[in-house]
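For reference, the structure discussed in these notes is given below.
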């Protein structure tokens, strides 16, 4: 109990940290987000891997490149890329899932074409849940399917469509959480999507008619 209180105090001390990833990884560490041994094995490629992302540099990449698309998404929504303070490196090493999911969340938005609305967020969440990253994400999706239509009733149709699209993309795509996206910024977005199995999907008439 004392250890948990200490963790909570530490997290709040980092709430206003200039490194935007600090609070996210500490919060996840407190909640004890766990993944299966199978997922842990698939994440070995990104243990300790969180290079700095320079959005000002990426925005200068050629039109149609993956890095340019990501930077445009971030700047359009006034978002900052994830970074971790050096003193939290031990937590980053221990909780690879928490760090990598925080880092890739906005990358997924740009890669999958989901905006930052409630409808866009449920698309990303449905994708991650379908990729079987953790049980906590599936629980989060269950709550989102109930709450999002209530808080954003005008987005109900888009929420239904994006939830279905995210799920189908997640089931078809390769395991993205262990992919080193940061080494492919200069590649065409279309090539990255093709390499990862993110081909276009045709939703059933029931869902496509909702749009």
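The values are calculated or read from the model by the stated rules, or taken from the named source; none is laboratory data. Values in this document were obtained by computation on a predicted structure and should not be read as measured data. No Cβ is skipped: glycine too gets one built from the backbone with ideal geometry, and neighbour counts run over all protein chains shown.
Matching residues to (1) part of a loop (DSSP other than H, G, I, E, B); (2) within 25 Å of residue 132 (Cβ to Cβ):
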position	(1), (2)
63	yes, no
72	no, no
75	no, no
87	no, no
92	no, yes
97	no, yes
103	no, yes
- over 11 Å from the mean Cα position of the chain (by Cα) and within 24 Å of residue 191 (Cα to Cα), is that true of residue 140? no
- Going through the range 114-145 in order, the residues found to be at pLDDT 95 or above, surrounded by fewer than 16 Cβ atoms within 10 Å (Cβ to Cβ), touching a helix residue (DSSP H, G or I) at 6+ places or on another chain (Cβ under 8 Å) and in a helix (DSSP H, G or I) are 145
- Query: Checking residue 58 against (1) over 25 Å from residue 165 (Cα atoms); (2) modelled with pLDDT under 95; (3) touching a helix residue (DSSP H, G or I) at 6+ places or on another chain (Cβ under 9 Å), which test does it fail?
  - Reply: (2)
- Item | Pick from the range 63-79, criterion in contact (Cβ under 8 Å) with a residue 24 or more places away in the chain and exposed (fewer than 14 other Cβ atoms within 10 Å of the Cβ), ranking: nearest to residue 116 (Cα to Cα) | 77
- Are any residues in the range 43-61 in a helix (DSSP H, G or I) and under 22 Å from residue 191 (Cβ atoms), and if so, which ones? 45, 46, 55, 57, 58
